[in-house]
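S.K.: Take a look at the following structure, please.
The values are calculated or read from the model by the stated rules, or taken from the named source; none is laboratory data. Given the structure is predicted, the values throughout are model-derived calculations rather than measurements. Quick reminder, even Gly has a Cβ in these numbers, built from the backbone with ideal geometry, and neighbours come from all protein chains shown.
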Amino acid sequence: MGLGGIALGHLLNPGLARASNATDAGILGGQLHHAGKAKRVIYLFMAGGPSQLETFDYKPLLNQRQGEQLPDSVRMGQRLTGMSGNQASLPLAGSIYKFAQHGKSGAWVSELLPHTARVTDDLCIVRSLYTEAINHDPAITFLQTGSQLSGRPSFGSWVHYGLGSDNENLPAFVVLITRGKVDQPLYARLWGSGFLPSQHQGVQFRAGKDPVLYLNNPDGVSPESRRLMLDRLRDFHQFAAEQSGDAEVDARIAQYEMAYRMQTSVPDVMDFSNESEATLAKYGPDAKKPGTFAANCILARRLAERGVKFVQLYHQGWDQHGGLPNGIKQQCKETDQPCAALLEDLKQRGLLDETLVVWGGEFGRTNYSQGKLTTTDYGRDHHPRCFSVWMAGGGAKPGTVYGATDEFGYSVVENPVHVHDFHATLLHLLGIDHQQLTFRFQGRRFRLTDVHGEVVKSVLA
């Protein structure tokens, strides 16, 4: 009767049956540290470092003092990159774009983001984030893994490790990269599992005939023969696992089985034919072009509907050391409407309350111009001391502006938020205590937030 009950339970509610499996329910076994409002994350990562001074951090003083030197009293001897640190002068540069207040919060938003401005009441804008890294590689690694050094598990891998999966036919962690963008490089270790078991690494979906590399059967190999091969391979792997006790052997078995199931699930999720014209139009003119940011936002929503825990979108091209006005205008044109449409789409489908959407880059930009400053053109160097991000849904407090920078837009003066604080807060919204989600490696327990981090309670709904 016990075996019969298990079989009947699986037939009537396969999701409940999977939840009882510690592997599928994550290391927490489905038991959250506290009630979490978010069930999944969609992270919109603007790689390269978008300028907060052209998007969400309005600083009219910079326009008033255009061309004047950055005061020593403001800089306070802080380090600069080699790209602008050797300039003969550091002239203050105001934004050429206008700002206006929007929503009940009265948040200042640039004219470059008219669609984002429309959904301001759904946003929790943090203007006081700061980081420790001043160059791209360590900075983006820090935001993605909680460490400036490579080799640590990525954010999405920690989430999968802790919470498991809600869909046995799709990866719990999916990565989407805007097609055709050339800028600061992205590398697979940014969504790697580090020292966690390898089944927790992100799986990149691409536009085109083969969304996941090496997933489809080669010519002449039938599904039946692939199944038979995997069964025999599993037997060999299980024998190896019994002999060596290596957990990576079990991970390898799980990866092979997931790949087999993805042969049918991936084509389904990638097929937009059942999306209405009204929905596609909402995301903008690029929505029908596979691999664009707009198309990836639609795909992110489709993955969220199917229970994927963590979807990471990367959009490159925000590293504007020169020609910033035209460069950031194009970047915003590509991303503004799809970001707003994603929030509206999730909200309309009843998914936003349990989906945490995050927008931001790896650091901010300087308040002075890198290179020649003119009335129509300027550049901005890397600036780790302050930058802006936003969250929406998933328990983030809507219609909120948190933190502030000084009138020069150089340093945080109110409610500073370190990267570890940010990560701790995101995990908290998922029901995870960042101090308790750990993995023992090389003699000590590691966590996403290392040995720091405090939950920013003021941004919780």
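S.K.: Residue by residue through the range 285-326, note down the ones that are assigned to a loop (DSSP other than H, G, I, E, B), within 15 Å of the chain's Cα centre (by Cα) and not hydrophobic (A, V, I, L, M, F, W, C).
M.R.: Residues satisfying the conditions are Lys309, Gln316.
S.K.: Could you tell me whether Arg252 is in a helix (DSSP H, G or I) and modelled with pLDDT of 90 or more?
M.R.: When the stated conditions are applied, Arg252 does not pass them.
S.K.: Identify the single condition in (1) under 30 Å from Ile96 (Cα atoms); (2) surrounded by fewer than 21 Cβ atoms within 10 Å (Cβ to Cβ) that Gln337 does not satisfy, given that it satisfies every other one.
M.R.: In the conditions (1) under 30 Å from Ile96 (Cα atoms); (2) surrounded by fewer than 21 Cβ atoms within 10 Å (Cβ to Cβ), Gln337 misses (2) alone.
S.K.: Okay, moving on. Between a residue in the range 204-215 that is within 12 Å of Val175 (Cβ to Cβ) and any residue that is modelled with pLDDT of 85 or more and of a type in the set (Phe, Trp, Tyr), which pairs come within a Cβ distance under 6 Å, given they are 6 or more apart or on different chains?
M.R.: Pro211/Phe205
S.K.: Just for the range 15-60: of the residues that are modelled with pLDDT of 95 or more and assigned to a helix (DSSP H, G or I), which one is surrounded by the most Cβ atoms within 10 Å (Cβ to Cβ)?
M.R.: This residue is Leu53.
S.K.: Could you grab me the full set of residues in the range 177-222 that are more than 17 Å from Val308 (Cα to Cα) and of a type in the set (Lys, Arg)?
M.R.: Arg179, Lys181, Arg189, Lys209
S.K.: Where residues in the range 148-196 are surrounded by fewer than 20 Cβ atoms within 10 Å (Cβ to Cβ) and polar (S, T, N, Q), which of them is farthest from Glu248 (Cα to Cα)?
M.R.: Gln184
S.K.: For the range 61-76, what are the residues that are on the phi > 0 side of the Ramachandran plot and surrounded by 13 or more Cβ atoms within 10 Å (Cβ to Cβ)?
M.R.: Scanning the range 61-76 gives a single hit, Gly67.
S.K.: Which one of Thr376, Thr335 is among the β-branched types (Val, Ile, Thr), in contact (Cβ under 8 Å) with a residue 24 or more places away in the chain, touching a Phe, Trp or Tyr at 6+ places or on another chain (Cβ under 8 Å) and more than 26 Å from Pro416 (Cα to Cα)?
M.R.: Working: Thr376 fails: touching a Phe, Trp or Tyr at 6+ places or on another chain (Cβ under 8 Å).
After ruling out the rest, the residue left standing is Thr335.
S.K.: Now, a different point. With respect to Pro211, determine if the residue is part of a loop (DSSP other than H, G, I, E, B), out of contact with any Lys or Arg (no Cβ under 9 Å at 6 or more places or on another chain) and surrounded by 17 or more Cβ atoms within 10 Å (Cβ to Cβ).
M.R.: Yes.
S.K.: With in a loop (DSSP other than H, G, I, E, B), within 24 Å of Phe173 (Cβ to Cβ), modelled with pLDDT of 80 or more and not hydroxyl-bearing (Ser, Thr, Tyr) as the only criterion, which of Glu275, Glu257 stands out?
M.R.: Within the list Glu275, Glu257, the selection yields Glu275.
S.K.: Can you give me the number of residues within the range 192-210 that are of a type in the set (Gly, Ala, Ser), farther than 20 Å from Arg444 by Cα and at pLDDT below 95?
M.R.: Residues flagged as of a type in the set (Gly, Ala, Ser), farther than 20 Å from Arg444 by Cα and at pLDDT below 95 within the range 192-210 amount to 2.
S.K.: Could you check the range 72-100 and list, in sequence order, the residues that are within 17 Å of Lys372 (Cβ to Cβ) and among the β-branched types (Val, Ile, Thr)?
M.R.: Answer for the range 72-100, where residues must be within 17 Å of Lys372 (Cβ to Cβ) and among the β-branched types (Val, Ile, Thr): just Ile96.
S.K.: Something else about it: Counting residues that are within 25 Å of the chain's Cα centre (by Cα) and either surrounded by fewer than 18 Cβ atoms within 10 Å (Cβ to Cβ) or small (Gly, Ala, Ser) (or both), which strands (runs of 3 or more DSSP E) fully inside the range 77-136 reach at least 2? Spell out how you get there, then give the answer.
M.R.: On the way: elements: 99-102, 107-110, 123-130.
Per the criteria, 107-110.
S.K.: Going through the range 121-158 one residue at a time, which ones are farther than 30 Å from Lys59 by Cβ and among the charged types (D, E, K, R)?
M.R.: Arg152, the sole residue that qualifies.
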